[in-house]
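**Q** Next up is a structure, given as structure tokens.
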Amino acid sequence: MIGKLRLVGAGLILFLVVAVDFTSRIMSTVADGFLVVVLLVVIWPVISKKS
């Protein structure tokens, strides 16, 4: 009984480690995209005046 609980606990922890890593990559990509969009919005008036 205790052995099965330990296996389930280890499996759950392994799943959470993978899920957190995957989620952090998604959040990092979304944050990078957001910063690029903000940069373009800030710079766009300067670019459009020169052309």
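The values are calculated or read from the model by the stated rules, or taken from the named source; none is laboratory data. As the structure is a prediction and not an experimental result, all values here were calculated from the model.
**Q** Kindly indicate whether Asp32 is modelled with pLDDT under 90 and acidic (Asp, Glu).
**A** Working: modelled with pLDDT under 90: no; acidic (Asp, Glu): yes.
The answer is no for Asp32.
**Q** While we're looking at this one, here's another question. Would segment 17-24 turn up any residue that is among the acidic types (Asp, Glu), part of a helix (DSSP H, G or I) and at pLDDT below 90? Can you show your working first?
**A** Initial filter on segment 17-24 (among the acidic types (Asp, Glu)): 21.
Those left that are additionally part of a helix (DSSP H, G or I): 21.
When the remaining residues are screened for being at pLDDT below 90, the result is 21.
Taking every residue of segment 17-24 in turn, at least one turns out to be among the acidic types (Asp, Glu), part of a helix (DSSP H, G or I) and at pLDDT below 90.
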